[in-house]
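Down below is the structure, laid out as structure tokens.
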Amino acid sequence: MFFPLTAARLKRLSHLSLLLVVTHAASVLADAAPIEPVMVNIPAGQLTLHPNTTTKKDGTVVTTGTEVATLDIKPFRLAKYEVTVKEFGQFVAATNYPLATSCRQMDSKKWFAERPGSWAKNKHSSSEFEPVTCIGWAAAQAYVVWLSKETGKHYRLPSEVEWEYAARAGTTTDYFWGDEATQACSFANTADQAAEAAIKRDYDGLESKDHVGVLACNDKTGYASVVGIYQPNAFGLHDMIGNINEFTQDCANETYPGEATDARARNTGDCSKRMIRGGSWHWEPFAMTKRTPWSVDFIGALEGFRIAEDQPTKSSCENTPPEQRERNRQFQKALTKAQKAVR
């Protein structure tokens, strides 16, 4: 049926065309708009640091001269999950930040080697709801600076002390679930029977018994997993042990806590390295006291991050724009769907 283009119809079509253009532009902008992480309120308290904390230095595990110290911790917030590929993609779209196009990943001939891969696609990442890796410390820092600017909130990387306090969640055992590493499969994605099977399948039997197959349990995930599918600690934080190593703000220091008297990050020491915590799917469960200095130039498939935040004011929470709230809600809805699909 033919409808004549009257003046009124032309006017309506013009309005429709304008609406479509505006809608498309909003959609493009939304692709680069930030997603705020789900944050958990971490209460004030004290963290007692124990002697003989181990740190990995140049591939060798040594014992540091960690002194017994009790630090007062002010309340802060920490992300419930590690930053995902989906969230990091918003930052890349908005800033065009220069990122590596290769990173250290497993190889069929060498245990780990430099090979093509990026934050968006590498050998050990298969979902946009898995933690982002192959980025390096500097990109993680750039991300939190960008997110803070875009949202008006005080996002940052956590300090070492904050990370350990939050990971322990009031416990004094090696792991937040207790002292038995073999219980890890309910709480963490670490080296286990699933990792061993995946490596035998994908790498023609290449394996290292010091790295995989060390736990006599099955966490059902071979490599990195969708965030939040294992049981949380008492603070409600997921994947504090395992999945991927997490960057902190602190420069590398062998002594811990050294001269620190509170939970603030130490920005003195060897700042060409930053401390990482938590371990990954590739390793046996890391005790919550285990510390590792990591070069800021190293780009690998086992390292990512989660976000901390200074305790916000009531007004800053209330001032979150409706479109930001909706964007956060849609992300959380999609993440929940992805979590259910793999559980």
**Asked** Counting only residues that are among the aliphatic types (A, V, I, L, M) and open to solvent by less than 10 Å² (accessible area, probe 1.4 Å), which one in the range 279-318 is modelled with the lowest pLDDT?
**Response** MET288
**Prompt:** Looking at SER295, SER272, SER280, which one is free of Cβ contacts under 8 Å to residues at least 24 places away in the same chain, out of contact with any Pro (no Cβ under 6 Å at 6 or more places or on another chain) and not aromatic (Phe, Trp, Tyr)?
**Reply:** SER295
**Prompt:** Out of all the residues in the range 181-197, is one or more modelled with pLDDT under 95, within 21 Å of the chain's Cα centre (by Cα), part of a helix (DSSP H, G or I) and not hydroxyl-bearing (Ser, Thr, Tyr)?
**Reply:** yes
**Asked** Which ones in the range 115-170 are among the charged types (D, E, K, R), under 30 Å from ILE199 (Cβ atoms) and under 13 Å from the mean Cα position of the chain (by Cα)?
**Response** GLU128, GLU130
**Request:** Considering only the range 94-137, state which residues are open to solvent by 80 Å² or more (accessible area, probe 1.4 Å) and within 22 Å of LYS80 (Cα to Cα).
**Result:** SER126, GLU128
**Message:** Residues that are touching a Ser or Thr at 6+ places or on another chain (Cβ under 8 Å), buried (at least 23 other Cβ atoms within 10 Å of the Cβ) and farther than 27 Å from PHE76 by Cβ: does the range 237-259 have at least one?
**Reply:** no
**Complete:** Per the filter on the range 319-335, residues more than 17 Å from LYS149 (Cα to Cα) and either open to solvent by 60 Å² or more (accessible area, probe 1.4 Å) or at pLDDT below 95 (or both) are PRO322, GLU326, ARG329, GLN330, GLN332, LYS333
**Asked** Among (1) over 19 Å from ILE276 (Cβ atoms); (2) surrounded by fewer than 22 Cβ atoms within 10 Å (Cβ to Cβ); (3) of a type outside the set (S, T, N, Q), which single condition is ARG156 missing?
**Response** (1)
**Request:** Kindly indicate the residue of the range 159-204 that is under 16 Å from ARG291 (Cα atoms) and among the acidic types (Asp, Glu) and also surrounded by the fewest Cβ atoms within 10 Å (Cβ to Cβ) among those meeting that condition.
**Result:** ASP174
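The values are calculated or read from the model by the stated rules, or taken from the named source; none is laboratory data. What you are looking at is a predicted structure, and each value in this text was computed from that prediction instead of being measured. With ideal geometry, Cβ positions are generated from the backbone for all residues, glycine too; neighbour counts draw on all protein chains shown. When the accessible area is computed, the model is the full protein with side chains, heavy atoms only, and any ligands, DNA or RNA have been set aside. Shrake-Rupley method; radii C 1.70, N 1.55, O 1.52, S 1.80 Å.
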